[in-house]
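First comes the structure, then the notes that go with it.
The values are calculated or read from the model by the stated rules, or taken from the named source; none is laboratory data. Remember, it's a predicted structure, so these values are computed and weren't measured experimentally. Quick reminder, even Gly has a Cβ in these numbers, built from the backbone with ideal geometry, and neighbours come from all protein chains shown.
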């Protein structure tokens, strides 16, 4: 390409970005975001809508290929795999981390709201104990080493080198954080094991008598359990050469689970990755058109970077279902990020969902209130209307009557970036096609990740 053509090409891209409305400035009236109509305004020929243009748009948006996973020593991966699938980490030995993050459901469980301790069955058929659901949807576990915030509300946050903000505060000691090798994801497994509805249980074991804010004693009790299994003692010492098991704390277990996740679930061989690497035919024409739309509409403002997440928090007007997080006058609301920061401006904000392999990870939203990917993309078109007319009839029967009327509060906090967004049905279809191009083929069948047995001898429920 000559210098003159490069300048012209850059001008075309710049014109697209300005006219399509990707900036934070909002239109004065309703903006029907039809890219074909907007492109006509700059008289672009069909030859401009090429792979070269899409790659340049991606570059300007900071959306590149996902890096390869870091090397994780095999002994650490195998320890993490065992711990991930072993019910020994739950209070009553009845649930593992993988119960809500199943390989068969692309590291989710196929449910709107997960069912933890005391549940019966697996996946969509799992029955909640006494109708008790976990308040939020089980988030997928892909590419977590790329993110600084864990959980929907970011309550585990990497704020500096080996510095973390977590619910445990000073109980997560420097001696623990020095163990962490993979950033925020190394700290993430420290907390589901302490939550009563998730893994600890309500009664019937030595963990349930510990105060809810006494993380140190809960973690110590879990290490005592693991230390009673000779095979685990050997595996820990092999994973951390030169360190005796008796000198380890639960951070070593949490870090091992993270090592397993980072090693096995950092996937970067999607059609989109092949396209970025120069293979023009890696995307279908519809996917290419969807990519161009995604990159020139407001979508890529929040869904940016290699993971397609800005790792920040937004209110996108999702309906509230389920038991909530104990917020609001009836204690059934979920104030999201505000529960972490205490800042009213963070009310109803939740972390931007990374989009790699997203076609496989429904239901969608912090509470799984939207079941299909197409419906979730369409939700962003007049999301205020979608919230006001939300129909719960598609939910499982136990959740249909739990829709909370918090519409006024949610819309008052709705991200202004969504103002005036209207998507045509064809545009939604094209965006869905592009989302499918973000799926790594290896993510379509992850059952190979589950071990046949775990050191405790407890059943591997997969």
Just checking, how many residues over region 147-180 are at positive phi and surrounded by 18 or more Cβ atoms within 10 Å (Cβ to Cβ)? 2
Does residue 281 count as buried (at least 22 other Cβ atoms within 10 Å of the Cβ) and in a helix (DSSP H, G or I)? no
Tell me yes or no: at least one residue of region 92-101 is touching a strand residue (DSSP E or B) at 6+ places or on another chain (Cβ under 7 Å) and closer than 27 Å to residue 251 by Cα. yes
Could you please find all residues in region 206-224 being buried (at least 18 other Cβ atoms within 10 Å of the Cβ) and touching a residue at least 40 places away in the same chain (Cβ under 8 Å)? 207, 215, 222
Select, from 332, 279, 292, the only residue that is over 18 Å from the mean Cα position of the chain (by Cα) and without any contact (Cβ under 8 Å) to a residue 12 or more places away in the chain. 279
On the given criteria, is residue 411 more than 30 Å from residue 234 (Cβ to Cβ), modelled with pLDDT of 95 or more, not in a loop (DSSP other than H, G, I, E, B) and not assigned by TED's automatic domain parsing to the domain that holds residue 108? yes
Residue 179 fails exactly one of the following numbered conditions: (1) more than 22 Å from the chain's Cα centre (by Cα); (2) in contact (Cβ under 8 Å) with a residue 12 or more places away in the chain; (3) within 28 Å of residue 312 (Cβ to Cβ); (4) assigned to a helix (DSSP H, G or I). What is the number of that condition? (4)
Specify which of the listed residues (83, 113) is surrounded by 14 or more Cβ atoms within 10 Å (Cβ to Cβ), at pLDDT 50 or above and within 30 Å of residue 395 (Cβ to Cβ). 113
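Every residue, every condition in (1) out of contact with any helix residue (DSSP H, G or I) (no Cβ under 6 Å at 6 or more places or on another chain); (2) assigned by TED's automatic domain parsing to the domain that holds residue 142; (3) at pLDDT below 95; (4) outside any helix (DSSP H, G or I), yes or no:
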residue	(1), (2), (3), (4)
218	no, yes, no, no
222	no, yes, no, no
237	no, yes, no, no
246	yes, yes, no, no
254	no, yes, no, no
260	no, yes, no, no
274	no, no, no, no
306	yes, no, no, yes
Which one of these does residue 324 not meet: (1) more than 27 Å from residue 143 (Cβ to Cβ); (2) over 19 Å from the mean Cα position of the chain (by Cα); (3) surrounded by 18 or more Cβ atoms within 10 Å (Cβ to Cβ)? (2)
Unique match (being loosely packed, with under 15 Cβ neighbours inside 10 Å and touching a residue at least 40 places away in the same chain (Cβ under 8 Å)) among 447, 361, 372: 447
Filtered residues of region 376-388 (kept if more than 18 Å from the chain's Cα centre (by Cα) and either assigned to a strand (DSSP E or B) or without any contact (Cβ under 8 Å) to a residue 24 or more places away in the chain (or both)): 385, 388
